[in-house]
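Working notes, beginning with the structure itself.
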There are 2 protein chains.
Amino acid sequence: MAETTTYQVIGTRPIRHDGVDKVTGRAIYGADVQMAGLLHGKVLRSPHAHARIRSIDVSRALALPGVKAVVTSADLPPAEDRTIQLGEGAVNLKYLSNNILAGDKVLYKGHPVAAVAATSPHLAEEALALIHVDYEVLPPVLDVREAMQDSAPLLLENLKTKSLGQETDKVSNVATHTQFKSGDVDKGFQQADVVIEREFTTATVHQGYIEPHNATALWNPDGQLTIWESTQGAFTVQRQLAPVLGISVAQIRVIPAEIGGGFGGKINLYLEPIAAVLSKKTGHPVKVLMNRAEVFESTGPTPGSYIRVKMGATKDGRLAAAQAYMAYEAGGYPGSPIGAGMMCIFTPYDIPNVLIDGFDVVVNKPKTAPYRAPGATNAAFAAETVVDELCEKLGLDPLQFRLRNAATEGTRRPDGPTHPRIGYLETVQAALDSDHYRTPLEGPNVGRGVASGYWFNVGLQSSVSINVNADGSVTLVEGSTDIGGTRASIAMQAAEVLGLKAEEVRPIVADTASVGYNDVTGGSRTTFASGYAAIEAARDVVRQMTERAARIWKVEPPEVTFANGVFHHTNAADQRLTFKEVAAQLGRTGGPVTGRATVAPRGVGGAFATHIVDLHVDPETGKVTILRYTAVQDVGKAIHPSYVEGQMQGGAVQGIGWALNEEYFYSNTGVMANASFLDYRMPTSLDLPMIDTILVEVPNPGHPFGVRGVGEVPIVPPVAAIANAIYKAVGVRLRHSPMSPGRVMAEILAQGK
Amino acid sequence: MAETTTYQVIGTRPIRHDGVDKVTGRAIYGADVQMAGLLHGKVLRSPHAHARIRSIDVSRALALPGVKAVVTSADLPPAEDRTIQLGEGAVNLKYLSNNILAGDKVLYKGHPVAAVAATSPHLAEEALALIHVDYEVLPPVLDVREAMQDSAPLLLENLKTKSLGQETDKVSNVATHTQFKSGDVDKGFQQADVVIEREFTTATVHQGYIEPHNATALWNPDGQLTIWESTQGAFTVQRQLAPVLGISVAQIRVIPAEIGGGFGGKINLYLEPIAAVLSKKTGHPVKVLMNRAEVFESTGPTPGSYIRVKMGATKDGRLAAAQAYMAYEAGGYPGSPIGAGMMCIFTPYDIPNVLIDGFDVVVNKPKTAPYRAPGATNAAFAAETVVDELCEKLGLDPLQFRLRNAATEGTRRPDGPTHPRIGYLETVQAALDSDHYRTPLEGPNVGRGVASGYWFNVGLQSSVSINVNADGSVTLVEGSTDIGGTRASIAMQAAEVLGLKAEEVRPIVADTASVGYNDVTGGSRTTFASGYAAIEAARDVVRQMTERAARIWKVEPPEVTFANGVFHHTNAADQRLTFKEVAAQLGRTGGPVTGRATVAPRGVGGAFATHIVDLHVDPETGKVTILRYTAVQDVGKAIHPSYVEGQMQGGAVQGIGWALNEEYFYSNTGVMANASFLDYRMPTSLDLPMIDTILVEVPNPGHPFGVRGVGEVPIVPPVAAIANAIYKAVGVRLRHSPMSPGRVMAEILAQGK
């Protein structure tokens, strides 16, 4: 890509500001929080996937010495069955509250029912066994298609389906049916020479972050509640917590700790309200930690799904029509990422006729949470394998086919908006030109697959302030959780504007009381939007520093220019003051300088990726071994290329795990059989080759430096690419994910029959 | 005073934001800081008041199991004998460094010599006894006048006297001789009908804060140093620490804990560099705490002093001339508050001819530190008792005399500047009108005294930012240590501008990395200057919120007005939006709103106080009992009257302690004999009556709400007022402070002879 701008800091690879703290173990995570008088909380969880709660008797638990309080949903404010606005979205308050502590029903194994605070975690655990819950056990429904049937057990007796934007009187497990439509698919399929229609299913998988959930709460007698925890969005916690606890956001201060991974899974509330009410009851701070089984059974996995895709193309290799029927499992309460899946499924392509129907369906599994490009991986698995079949039928190279059909600037997206300048075409071309794709793959039972993916990215709101130190360094106060190196990527953007080195900008992630509002670290928004705020705050600093330089020279500010960290006086070329020199004189020229910016940028650039995978299938066991993997992605402008590469590699690896091994195994009664990292098989470095990356830089015109979000789209293509490669290796098309050895073997054996 | 402005929040008495945390013990003070791997430091201190260090052998201490490091001054960067600029002031780097850890000499008993870090405080203490220091003991000099003699032992062999702004070649214990001069005092005294000249001495006294000094340091392998501690100025610590450690301020983050009193004594460095180098050597965080004896013997007391005052007045009761010779003990290194004492000694009066000579003198006592209106109490003791004698000679009521001679707007101060609008005259009139002064005092051995005092106050630099929450409450981020309720007094000023309640503004005291530069909480500047910044930041919020309201109404911002928390559309009187309603729509109108301001306000208003005291002297023991006490003060505009009253009462009580009991008792060898609160006698509530307060409000034109600093001036008059009252009670004039029972008795007996 042509690079027209010269940067000093952007595009370099400085050591991250929080690096030493993290490698030496000094960084403070949520579980490290300690304070005087701390009590320990434990949560009693439902052993049943579906049951009515007749009664809860906590008296024996309360009588245990060392137990200070027991709480149930009765200790939360009455959870009204009404929709409330939370930031950009709407949510049912009863569902939000009942997922924290079950109301009249439990809806999944692991659903919290009660919690205990005691002087030690062991005592708290002992006390859980003394709580007696009288359950009326009900039959569970675990599969999305079964749940959609009229005969299915009903999870929520008041859930009326919202269909195409209208409330209906139909009570079912289907929360919503939405539709995107453009052109006329029937006419399109008539015009097509080749039409393929296939069904796909995907299993429930978990984000699998290393650090379990945690929360410590102190509810002060003055009504002020402080929460310490690892979260992707301190302000998001504050905003959700207020209605659940029936208090104002002003009464809540959330102090974010470092975070050991989130991937979307650390946005929803789990332990915070429980720790809070335990603290209110006891007058002590209360810390609650999950173990790994609790993380699997009670926090958000990504939805299992059923997807039917029908696509048609003409002989000249042009897509004529595409249709999808997508049903996503929301878990116990409505809210799967069905909308996002629908927004992504066909979006890499310019297709004249599209019809997408999406269903959000409750099942007796934990309430789903976002997981890296939520819903898009399931969708791409379906669409991209159908595209692969079309190419095969048409005798076209799959990348050439994509070049011909790629969405570009001006293409209308199926959900309505028009693409701005995007780099999808460029990723396909770069994949075609890559050493990987140009190197022939030979041998028995090996195959190469490709697939593309799209993620729309979000902008939302960010705030940054920058304070100038006397030595000309600056501190940068942000409110975005740093998961993937965003301290560095935000600080570097400010450094570029200020003419400083990355190390001279010291980024601090502040709490909800100490920085302006910031939306969650998610949606691939942080380097884009908080970086945007950092640029604007730095420009605000430059404006003020220019005035100071003008004051020192006794001239008017317009006579002073600033470039590369140096102020010049336009009428006296020999007069110069460095940023540091002006900084040293702030006290004498009007006091300290603080720059600040709050932004809600709209120019979000969508992200596209094209992945190439070579693999081998063992025909005796069905085991798939990844031989070579290349992730190509339009990354806009890469601020810190190492961290962009890290996002691409991490996303690809999560996608590989999802494709080959990861899934929740459920018993008939809805009990997860593999709720540990021993039995829930995630890939390790020993399972994988190096993930090669190709960064395609098509600057996003909606950001001063061209940034577009990079964190999510790399998880979108892998499942489809692997399915396509398996077909090339052994001639079977897998349409269920994961493509674990047993399933691959079954398909091979079925083919042989 | 006429009150022309109506305020909603200012002048009310809301509960302080940090109140519950402080009364419940939840507030985190420096000593509460805990972290993994914490080591404990202890400091070895000189047993001698004056000695040369021949050698230090730390080998036995290092060999003790559990001892991780021992440091001496050799572990600090070489302390060059040169003057460096620190903010507004200059300081000798060698003196700054050697006071932390002694170089070639120890200059006072308690002077730090070495320090140990060990796995427990007990081990660290044990290890101190194993350090062998070879001292060459030298004779000490403990009194300022003795130290000024040519024959006195020299503390600093390179200290050349700076006289009237000029460097001299004279090596002595006199660091500086400065002079303020106006008119011609000789001529003035000739015109006077009554001239009085007297000599005064004051003992060394300590600030006596409850909380001992503390510091915890973590010097990260990446070069970043973090300090947690109780300090009056986190940025001031950062700024002093950088040159002592030879690193940049950007490498230092100071996280302020709550503070258990400071009164000026928690500004200088003591433990921070020691904890830092112990951390650097060990790779662990290191916490160092002082005990009470260390606080007395090694941290800044206020200077002992010798003052000679000569004043003359004409028969009609007008002051004709005033002269002072003032010599202040700086302690082991130069830097007594002599300049401040000189600025205050005659400033309540309009005197045509003034000559003041001041001397800063090193003696073998701990380096002095600021103590509430530093130097002014000593000065007022001298001048105000001479005024009392003049009044007696002239047969004038002492308050009437002050009315006649009071400095007012336009009067030139002895140090040069001219008074802006001040309220001294009003305090004298209010004292005259008070119930206390109008109530006759009768009985044997009782007396009433009055005295006035002045403190100039400072402005310096402050930064504040304000973030708007979705519910219309705001958080206010400041960097000023809250000692006397300044969270409330700053938040209330923002609340007034925003039309919010005090409780709807949540103030946060942030660390040096998270807020713009803020000078120390001292000089009575915080409610004035940080309050000023809060007002400006709030106005910045209003500007932005006005734009949002305009956007909602689709009009131009100038068409929107804001008053009392409500936005109005000038062309549609019925259209209104509250601050909260606009706040709820920030996400839809351009993102979050953050206001910020950095200020260096110049319009500091000087503070004046006039105190009245009734007391009884026991003629058999010399014990003085305070019967009634009224503090009258021009407080500008009282933001939170309770905290203003608290400052006045606290200052008066400290002055009473200073007047009657507090002093360092030294042995001939310079060892403090009473380094504990059992033997260093501070007044308790049982020793005192209620301190009545009269708030005189003369708004300071240099502040939007008329604020002037109130915290320091109340300590200025008490010593003089009590001396004057003792004279009225038993007819003896005390000219040494404290006027302890023994000294009062000695004067009574001498009188009787």
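Once segment B:465-492 is narrowed to residues that are closer than 22 Å to B:Tyr643 by Cα and of a type in the set (A, V, I, L, M, F, W, C), the residue that is farthest from the other protein chains (Cβ to nearest Cβ) is B:Ile483. Condition check: within 14 Å of chain B (Cβ to nearest Cβ), surrounded by fewer than 23 Cβ atoms within 10 Å (Cβ to Cβ) and touching a helix residue (DSSP H, G or I) at 6+ places or on another chain (Cβ under 7 Å). Does A:Ser462 satisfy that? Spelling it out, it is not the case that A:Ser462 is within 14 Å of chain B (Cβ to nearest Cβ), surrounded by fewer than 23 Cβ atoms within 10 Å (Cβ to Cβ) and touching a helix residue (DSSP H, G or I) at 6+ places or on another chain (Cβ under 7 Å). Of the residues contained in segment A:644-662, one or more are found to be over 22 Å from A:Pro370 (Cβ atoms), open to solvent by 10 Å² or more (accessible area, probe 1.4 Å) and modelled with pLDDT of 95 or more.
Only residues that are open to solvent by 20 Å² or more (accessible area, probe 1.4 Å) and within 18 Å of A:Arg198 (Cβ to Cβ) were counted in segment A:294-345, giving 4. Among the candidates A:Ala451, A:Ala430, the residue that is within 23 Å of the chain's Cα centre (by Cα), open to solvent by less than 40 Å² (accessible area, probe 1.4 Å) and in the same structural domain as A:Ala340 (by TED's automatic domain parsing) is uniquely A:Ala451. For segment A:222-240, filtered to residues that are over 20 Å from the mean Cα position of the chain (by Cα) and in contact (Cβ under 8 Å) with a residue 24 or more places away in the chain, the residue that is surrounded by the fewest Cβ atoms within 10 Å (Cβ to Cβ) is A:Gly223.
Tell me which residues, restricted to segment A:563-587, are in contact with a helix residue (DSSP H, G or I) (Cβ under 9 Å, 6 or more places away or on another chain), within 23 Å of A:Ala470 (Cβ to Cβ) and either open to solvent by less than 50 Å² (accessible area, probe 1.4 Å) or of a type in the set (Gly, Ala, Ser) (or both). Selection gives A:Gly565, A:Val566, A:Phe567, A:His569, A:Leu577, A:Phe579, A:Val582, A:Ala583, A:Leu586. Mind counting the residues in segment A:507-561 that are among the hydrophobic types (A, V, I, L, M, F, W, C) and touching a residue at least 40 places away in the same chain (Cβ under 8 Å)? Residues meeting the conditions: 14. Tell me, please, whether a residue that is under 28 Å from A:Val713 (Cβ atoms), open to solvent by less than 10 Å² (accessible area, probe 1.4 Å) and assigned to a loop (DSSP other than H, G, I, E, B) can be found in segment A:668-680. Yes, segment A:668-680 has at least one match. Considering segment B:83-110, and only residues there that are open to solvent by 40 Å² or more (accessible area, probe 1.4 Å) and out of contact with any strand residue (DSSP E or B) (no Cβ under 7 Å at 6 or more places or on another chain), the residue that is nearest to B:Ala217 (Cα to Cα) turns out to be B:Lys94. Residues being closer than 24 Å to A:Met492 by Cβ, surrounded by fewer than 24 Cβ atoms within 10 Å (Cβ to Cβ) and not basic (Lys, Arg) are represented in segment A:602-617 by at least one member.
In segment B:433-454, the residues that are basic (Lys, Arg) reach residues that are open to solvent by 80 Å² or more (accessible area, probe 1.4 Å) and not in a strand (DSSP E or B) with C-beta atoms within less than 8 angstrom, at least six apart or across chains, in these pairs: B:Arg448/B:Lys728.
Condition check for B:Lys728 on (1) of a type in the set (D, E, K, R); (2) open to solvent by less than 10 Å² (accessible area, probe 1.4 Å); (3) in contact with a Gly (Cβ under 7 Å, 6 or more places away or on another chain): one failure, at (2).
Restricting attention to segment B:527-538, the residues being open to solvent by 10 Å² or more (accessible area, probe 1.4 Å) and either away from chain A (no Cβ under 13 Å) or small (Gly, Ala, Ser) (or both) number 1. Filtering B:Gly522, B:Gly565, B:Gly587 for residues that are within 9 Å of another protein chain (Cβ to nearest Cβ) and either over 22 Å from A:Ile252 (Cα atoms) or in contact with a Leu (Cβ under 9 Å, 6 or more places away or on another chain) (or both) leaves a single hit, B:Gly587. So which residues in segment B:6-21 are free of Cβ contacts under 8 Å to residues at least 60 places away in the same chain and more than 9 Å from every other protein chain (Cβ to nearest Cβ), if there are any at all? The answer is B:Thr6, and nothing else. Pull up segment A:511-525, narrow it to residues that are closer than 18 Å to A:Arg602 by Cβ and open to solvent by less than 10 Å² (accessible area, probe 1.4 Å), then point me to the one that is farthest from the chain's Cα centre (by Cα). So, considering only residues that are closer than 18 Å to A:Arg602 by Cβ and open to solvent by less than 10 Å² (accessible area, probe 1.4 Å), the one farthest from the chain's Cα centre (by Cα) is A:Asn518.
Just wondering, is there one or more residues in segment A:52-74 that are surrounded by fewer than 24 Cβ atoms within 10 Å (Cβ to Cβ) and within 14 Å of chain B (Cβ to nearest Cβ)? No, that holds for no residue. In segment A:493-510, of all residues being within 12 Å of chain B (Cβ to nearest Cβ) and open to solvent by 20 Å² or more (accessible area, probe 1.4 Å), the one that is nearest to A:Trp455 (Cα to Cα) corresponds to A:Val509. Determine whether segment B:289-304 contains at least one residue that is within 30 Å of A:Thr475 (Cα to Cα) and either in contact (Cβ under 8 Å) with a residue 12 or more places away in the chain or not assigned by TED's automatic domain parsing to the domain that holds B:Ala102 (or both). Among the residues of segment B:289-304, at least one is within 30 Å of A:Thr475 (Cα to Cα) and either in contact (Cβ under 8 Å) with a residue 12 or more places away in the chain or not assigned by TED's automatic domain parsing to the domain that holds B:Ala102 (or both), which makes the answer yes. Evaluate segment B:380-399: report whether one residue or more is under 30 Å from B:Ala102 (Cβ atoms), in contact with a strand residue (DSSP E or B) (Cβ under 9 Å, 6 or more places away or on another chain), touching a residue at least 12 places away in the same chain (Cβ under 8 Å) and open to solvent by less than 20 Å² (accessible area, probe 1.4 Å). Checked against the condition, which is being under 30 Å from B:Ala102 (Cβ atoms), in contact with a strand residue (DSSP E or B) (Cβ under 9 Å, 6 or more places away or on another chain), touching a residue at least 12 places away in the same chain (Cβ under 8 Å) and open to solvent by less than 20 Å² (accessible area, probe 1.4 Å), segment B:380-399 yields no hits at all.
Here is the figure for segment B:465-488: residues that are open to solvent by 30 Å² or more (accessible area, probe 1.4 Å) and modelled with pLDDT of 95 or more total 0.
Scanning segment B:352-379 for residues that are crowded, with 24+ Cβ neighbours inside 10 Å, over 21 Å from the mean Cα position of the chain (by Cα) and in a loop (DSSP other than H, G, I, E, B) gives B:Val363, B:Asn364.
If you scan segment B:580-630, which residues turn out to be part of a strand (DSSP E or B), farther than 27 Å from B:Asn405 by Cα and within 26 Å of the chain's Cα centre (by Cα)? Within segment B:580-630, B:Ala597, B:Thr598, B:Val599, B:Ile626 qualify. Counting only residues that are in a strand (DSSP E or B) and over 18 Å from A:Leu159 (Cα atoms), segment A:69-110 holds 7 of them.
Within segment A:217-232, the set of residues being more than 13 Å from chain B (Cβ to nearest Cβ) and out of contact with any Ser or Thr (no Cβ under 6 Å at 6 or more places or on another chain) comprises A:Ile227, A:Glu229, A:Ser230, A:Thr231.
The values are calculated or read from the model by the stated rules, or taken from the named source; none is laboratory data. Please read all numbers here as calculations on a predicted model, not as lab measurements. In this analysis, Cβ positions are derived from the backbone assuming ideal geometry, glycine residues included, and neighbour counts consider all displayed protein chains. The protein model used for the area step is the full one, side chains on, heavy atoms only, and it has no ligands, DNA or RNA in it. Shrake-Rupley method; radii C 1.70, N 1.55, O 1.52, S 1.80 Å.
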